[in-house]
1. Determine whether region B:45-54 contains at least one residue that is farther than 16 Å from B:Leu91 by Cβ, in contact with a Leu (Cβ under 6 Å, 6 or more places away or on another chain) and surrounded by 24 or more Cβ atoms within 10 Å (Cβ to Cβ).
2. Considering only region C:43-87, state which residues are hydroxyl-bearing (Ser, Thr, Tyr) and either buried (at least 22 other Cβ atoms within 10 Å of the Cβ) or within 14 Å of chain B (Cβ to nearest Cβ) (or both).
3. Which condition from (1) open to solvent by 10 Å² or more (accessible area, probe 1.4 Å); (2) touching a Leu at 6+ places or on another chain (Cβ under 6 Å) is the one that B:Tyr260 breaks?
4. Would you confirm whether or not region B:509-529 contains a residue that is more than 14 Å from chain D (Cβ to nearest Cβ) and within 29 Å of A:Val276 (Cα to Cα)?
5. In this structure, is B:Leu213 open to solvent by 10 Å² or more (accessible area, probe 1.4 Å), assigned to a helix (DSSP H, G or I) and among the hydrophobic types (A, V, I, L, M, F, W, C)?
6. Restricting attention to region D:79-99, which residues are free of Cβ contacts under 8 Å to residues at least 40 places away in the same chain, part of a helix (DSSP H, G or I) and within 14 Å of chain B (Cβ to nearest Cβ)?
7. Cβ-Cβ below 7 Å, separation at least six or inter-chain, first residue in region B:422-451 and in a loop (DSSP other than H, G, I, E, B), second aromatic (Phe, Trp, Tyr) and surrounded by 15 or more Cβ atoms within 10 Å (Cβ to Cβ): which pairs?
8. Identify, from the list B:Met120, B:Met175, the residue that is aliphatic (A, V, I, L, M), facing chain A (nearest Cβ under 7 Å) and at negative phi.
Amino acid sequence: MDTSLPLWLIGIPLAASPVVYLTGRLLLARPVICRWLTLAGLAAAWIVFAQVASSFSVEGDAERLIGMVALRVDGLSLLLAGVALTLGTLVTLYSYHYMAGETGEEKYYALLITLIGTMIGLGCAADIFNLWVWFEAMTISTYLLVAFYRQQPASLEAGVKYLVQSATGSVFVLLAIALVLAQTGTLDLDAIRAASPSLPLLAAGALFVIGFGVKIALVPLHTWLPDAHGQAPSGISAMLSGVVIEAGLVALLRALGALAGVTLSWGWLLIGFGLVNMLVGNLLALRQQQVKRLLAFSSLSHVGYMLLGLGIAVYSGQPDGAQGGFFHLLNHGLMKGLAFLAAGALLYALHSDHAPLYLADLSGAARRYPLVALAFSAALLGLGGLPPLAGFMSKWQIFVAGVDTQDVAITLAVAFAALNSVLSLAYYVPLVNALYRQKTSAPVERGRAIPVTMKLPLVLLMIAMVVLGLLPTLVNWLTEPAAAAMIRLFGGV
Amino acid sequence: MAGALSLLVILFPWTGAVIVALAARRNPRWLHLLAAVFAAAAAAAGLGLLFYTGDAPAVTLSLGGAFGDFTLVPDGLGAFLAAVAVVIGSLAVIFSADYMRGEAQLGRYYFLVLLFIGSMCGLVLSGSLLLMFIFWEMTALCSYALISFYNDDPKAVAGGIKALVITQFGGVGLMIGVLVTRAALGSDSVSALLNGADSLPPELLSLIAFGFLIAAAAKSAQVPFHTWLPGAMEAPTPVSALIHAATMVNAGVYLLARFYPAFAGVPGWTTAVVAVGMLTALMGALMALTSDDLKRVLAYSTISQLGYMFYAIGVGAVFASQFHLLSHAVFKALLFLGAGAVIHAVGTRDMRQMGGLGSQMPFVRGVFIIGVWALVGLPFANGFWSKELILEAGLADGPAWAYIVMLAVAGLTALYSFRMVWMVFFGKAWTGRRLHDAPAAMRGSLGLLAVGTLTIWLLAEPFKNLLASSLLRHIGEAEGSVLLAVLTNPATLLALGVIAAGLAAWWWRESLTGVANRLRFIAQAAQADFGFEWLNRQVVIVTHRTAMTLRTTQTGQLNWNAVGIVGGLVIVLLVLIVGG
Amino acid sequence: MGVKSLMLEIALVFGMLLCAVMVIRAGRLLAAALWLAGVSVFTAMLLYRLGAIEVAVIELSVGAGLVTVLFVFAISVAGDQGMKVPSSVPKPLAWGLLAFALVLLLYLTLPPPEVSAMRAEAAFTETLWQGRALDVLVQIVMIFSGVLGFVGLLSESKSEQMAAVVALAEAEPEPPAEAAVTEADALLEQEPV
Amino acid sequence: MTTVLVVGVFGLVAIGLYGLLIVRNLIKIVIALQLLTKAAALAMVVAGQVSGQVNLGQSLALTVIVADTIVAVVGLALAVQVRRRFGTLDVRQLSTQKR
C-alpha cells in the first residue's frame, strides 16, 4: 500500500473541516454551502477509503512512521473507518433538512467532519499516547455537538455531564499511559507488549478500562450516556451511539492488547462488564417513556454484546468471537443509527421545538409516515435480535463462538445474553406497536411532512440491515481482518 | 421438482405478503382476492410436495462460518406439516374474506398472515438447525403481531407481548441446544444431530434434549408455559384458527417428533415428556370445563389436545402423535372458524349470553357438532382414530399412572365439549336479534373442513407410509393396518366407555350437583389457571420493580455520576488484584 | 540524591497538595481559582526540578497565568455563588471510596521503578516538533474544535440574549425548592469554610 | 524520591476526585478537573524521567496541558451558558434528566 494513503484518509476530513467552517461563516455566509462541502469532503474520503481497502485486501497492514509515532492501517482501523464514514455520510445527508436553519449550522458540519476524521485517526494510532491524543480530539469535537441546542437547559445539562465525565476518564487514561511509560520506557503498542508483566502495568490496565470505559459506557460509568444521546441532535445521537462508543471500544482494545501479557483476566473482565451492561441497560430501558432515552439505554446492552464477543475472543484466543463482536459493532452502527435517525425524523415531524419525543407521541405514526415507521420498526426488531434481521446474525455469531469454547461458564454467559435479548423485546415491541396503532396521537395529526433527504438515509440503512440479515457473510471482508487484527493485538497469531 | 416445490411453498405466501403490503391502499376486495390466490397457490404447492418427498436436501445455500449451510429437506414429516400449514392456512385466509370485511389495516393483516404461513413451512422443511431457529422466531414474531392486531386494545397488546416473550424464552432453550450441537458435532444440520446423537457425551445430549423440550413446551403452550395461549384469543378468529390448528402450536410437537430418535435414550427425557403432556392435558381439560368464554374453551381444549400429542411422543408413539396432529388441525380449525362465525354473528364471546343459536344458524351448528364429535373422539370421525391410537400406545408402552389420567381426560373432554355445544346452540331459546347464518366464503371454508374431519382418516395408510420414510424405526406401532388395529384393540372399548361416562355426566349433571360442589375447589383452582397465571404475573412484576429500583440510580446528579466512576475503578482494581 | 534535596521535594509536594486541599475547601470561587494557581506554581517547581524546564515555564504561564485569568473571567460573568453545602454524596462514602482507590493504586504502583540512566535524547523542541509531530498536528485539530465549541456555546445573537434574560426573569419570582433547603442546610452545617 | 512524586500525583488525583464527588458549583468542578489535569501532566514528566526520557515526557506533558486547557475553556463556556439558562451553577439543580 502507498503509505501516504492513510494520511489522506485522515487528512481529508480534517482539512475539510476549517474549509467548511470558514466558507460557511466568512466567505459566503450561506449555511447551504456547508452541507455540500461536507458531502464533497466525505465523498473524497470515500474514494481514498476504497483505495485503502482494496490495497489492504491485497497487501495487508500498512504502516507510516511520522517522527517517532506510527500510523498503521490494520483490519480494526479499516472497520472503524468504514463504519464512521458510512454513518457520517448518511448523517450529513440526513442533517441537510434536519439542521436547516439552526444557529451555528456551519459549526455543526465542521465539527461533524472533524469527528469523522479523528475517529479514523484513532483507529490507525499505533502509539499509546497518540491514541489518547486522537481520543481527546474526538471528544473535544463532540462537546459542542452534544450541547448544540444551547438554548435548551436539558441539552446544556447533558453537555456538562458529558464534559466532566469524559475529562475524568481521559485523566485516568493519562495516568495509565504514564505508568506504562515509566514501566516499559516506550509508547509503541507493539514494544509495550514485549515488556514483562508487573503490578504497575496491572494498575495501568485498570485505569485504561475505566478511562476508556467512560466513553464506552460501561456500567457504572454510563451515567452520562442517556442524557447526551437523548439531548443531542438526532444525527449526532446516531453518531455517538453508532460509532463514538465503538471508537472508544477500539481504543480500549488497542490499549489492553498492549498489556495482554500482564494478566489472563482481561477476557473475563470484558465478559463480566458485558453481562452487567446487558442486564442494566435492559432494565433501565424497560420503563423508559422517552424514545431517544430508551434507545440510549439500549446502547448499553448492545455494548454488552460486543464486549461478550470480544471477551470470548480474548479468553479463547480464537478470532470467531471477535468477528462476531465486530459484526455486532457494525450492525449496531447501522441499526442504532437507523433507530436514532428514524426517531429524529419523527421528532422533526411531530415537535418543532426540540421537545422530547415520548412513546405516546408515536401512536399511529405509521398511518402518516409509513416509510419512517417501517424503517423504525425494522431497526427496533433488529436491535431486539429477531431473525432474519442483521442484529440476530451477529448475536448468533457471538453465541456460536462462546459455546464453541466448550467452557461451561461461557455457555452460561451465552444463555444469560440470550435471555437478555428476550427481555429487551419487552421494550422494543411496545414501540413498534405504538407506531402501528390505529388511533393517532395529537402530534401525529398535526405533524409536518418529512423531506426526502431524511428518508433516503433511512431507506439505505434499512436495506443494508435486511441484506446483512439475509447474507451475513457479505461483510466478512471487513470483520474477518478486524478479528485477525484483534487476535494479533492480544499476542495471538 | 422437490426443490422448486419446497421453495414455492415458502415463497408463494411471502411474495403474496409483500404484494399485499404494497397494495395495501387499494380496494379491500383486491386485497382479499390477492391473499386468497397466493394462499391457494401455496396450498397447491404444499399438496404437490407430498408426492416428491425425499431425505436429501432439495435446496442448499452455503453461507459458511458460524452460519453453516441453509438447506431445505422435504421429507415425509416436513412435507406433511407444510401441507397442513398451507391448506389450513389458506382456508383461514379464505374465511377471512368474510370475517375481516370492513376492518382497517387489511394490508398489515394479510401481510402477517401470509408471512406466518410461509415461515411455518420454512420451519418444518428446513434441514439446518439455524435456519429452523430463524423460522421458529419468525413464527413467534408473526404470531405476536397478529395477536396484537387490534392494537388499540391494551388486552390484545399485552396478550401479544406475553406470547412473544414466553415463546422467545423457550426459544432460548432451542438456541442453546442448537449451539451445543454445533459446538459438539461441528455441524448444525438436522441429520447430523439425528445421526450423531449416539456419539455425543451424555450430558451434552441431555442438555440439548431438555433445551429442545423447553422450546417445544413453550411453543406448544404446555405447562408451565401455557399461559400465553388464552391471551392469544384476543386475535381475530381466523388467526386463532391459524395459530391453534395450522401453525404455531404444531411447531413444538413437530420438534419433539423430529428429534425423538435422537433423544429417546436420554435418561428421564421421555418421562418428562409424558409428565408434561399428561399435566397439560388434565389442566387444559379442567380449565376448559370451567371457562365461559367460547374462544377460551377452545384454547384450553387445544392445550389439552396438544398434551395428548406430547404424551404420545413420550410413550414412543410418534406416528400416533402426528396422526392426532393432523386430525386436530382439521377439526380444531373447523371449531375455531365455526366459533368465529358465531362470534361474528352474536358479537360476544361469552357463552352465558348465547344459547339456542342452533335454530338461527343451522349450518354452523351442523359443522360445529361434527368438529366436537371429532374432538371428543366418537366413532368414526378423525379424532376417534388418532386418539384411540394414542391411548392404545399409552396402555402398551407408557406408565400406568399416566395412562389412567389420560383416559380420564378423554372423559373430561367429552364433558366440556357437550357443555360448550349445549351452552351455545341449545338450551334456552335465543331471544336476541335475528342472526344470519355464515356467508358464502365462511361456508366454503367450514364445509371443506367438515368434510375433512369426517374423511381424512381414510388416508391413514398412505399417511403412515409417508411418515415412515422420515421417522424410520420409530413407527413400529400398529404393524399392518392402522385402522384395523384401532378397531380390534380392547383399549378402544375402554376409552369409548370413559367418553360415554363423560357424556352421561353432562346429561345427568343436575343430579351430580353434590359431587360438583365437593369438587368446587378444583374448579376454583382451574379458573385461577392453577396459579400459573399468578406466577407469570409475579415474574413480570418483579422484573418491573427491579427496573424501577434500578432507575433511581440514574440520579442525574453529576456528583453521583462521579461516584460511579470512582466506584468502577475500585471494583476493577479489586477484581484484577484478586483475579490475578 | 541528598537528604536536603529529598526534603525540598517533599516540601514541594506537600505544598502542592495543601494548595489543592484549599482549592476544595475555599468558599468563594475566586479564592479557589487563586489556590489553583498556587497548585500550578508548586507543580511548575516540581517540573523544573525534574529537569522539565520548558514545560515548567509553560505550566507557569498557562496553568498559573492563562487558566487563572480564564477562571476569573468566567467567575465575573457567571457570578460568585458561594455553595457551602456539599453535594448529596455522603462525605464518608466519598472518603472511603477515594481512600480505598488510593490504597489499591499505591499498592500496585509502589515502589516505582528506579530512575534509569538518561538516554541520549534529542532536544525538547526536536522531540516535540519532529518526534511527536503527529501529536502536535492533532493538537491543532483540538484547538480548532475547542475554539468552535467555545464560540458555538457563547456567541449569541441579541435576540437570544434577550430571550434568556426574559426566561430568567420569569423564573426568578419562584426560587427553586432546592434553594430553601440549601439555606437551611447551611445554617445547620455551620462550617466556616 | 520518585516515591514522593508518585504519592504526590495520586494524592492530587484523589483530591481532584474528591472535589468531583463533593463540590456542587459547576465552575468549581471545572477547577477540580484542572487539579486532575495537573496531576496527569506531572505524571507524564515523572514517567519520562523514570524511563530516562525527560524530553519525551515534556512533550507529552505539553500536549496534555494544551488539551486540558481546551477542555477547561469549553467547560467554562458551558458553565456560563448554564448560569444563563438555569440561573444557577448548582449541579444538584442541574439534574432534570434523570431515570
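The values are calculated or read from the model by the stated rules, or taken from the named source; none is laboratory data. Small disclaimer: the values here were computed from a predicted structure and weren't measured. Cβ coordinates were reconstructed from backbone atoms using ideal geometry, including for glycine residues, and neighbour counts include every protein chain displayed. These area figures cover heavy atoms from the full protein model, side chains too; ligands, DNA and RNA do not enter into them. Shrake-Rupley method; radii C 1.70, N 1.55, O 1.52, S 1.80 Å.
1. yes
2. Step one: filter region C:43-87 for residues hydroxyl-bearing (Ser, Thr, Tyr), giving C:43, C:48, C:61, C:68, C:76, C:87.
Of everything in region C:43-87, those that are hydroxyl-bearing (Ser, Thr, Tyr) and either buried (at least 22 other Cβ atoms within 10 Å of the Cβ) or within 14 Å of chain B (Cβ to nearest Cβ) (or both) turn out to be C:Thr43, C:Ser87.
3. That leaves (2) as the condition not met.
4. Residues of region B:509-529 that are more than 14 Å from chain D (Cβ to nearest Cβ), as a first pass: B:509-529.
If we keep only those that are within 29 Å of A:Val276 (Cα to Cα) too, we end up with none.
Looking for residues that are more than 14 Å from chain D (Cβ to nearest Cβ) and within 29 Å of A:Val276 (Cα to Cα), one finds none in region B:509-529, hence no.
5. yes
6. Passing the criteria: only D:Phe86.
7. B:Asp437/B:Phe363; B:Ala438/B:Phe363
8. Details: B:Met120 fails: facing chain A (nearest Cβ under 7 Å).
Of B:Met120, B:Met175, the one residue that is aliphatic (A, V, I, L, M), facing chain A (nearest Cβ under 7 Å) and at negative phi is B:Met175.
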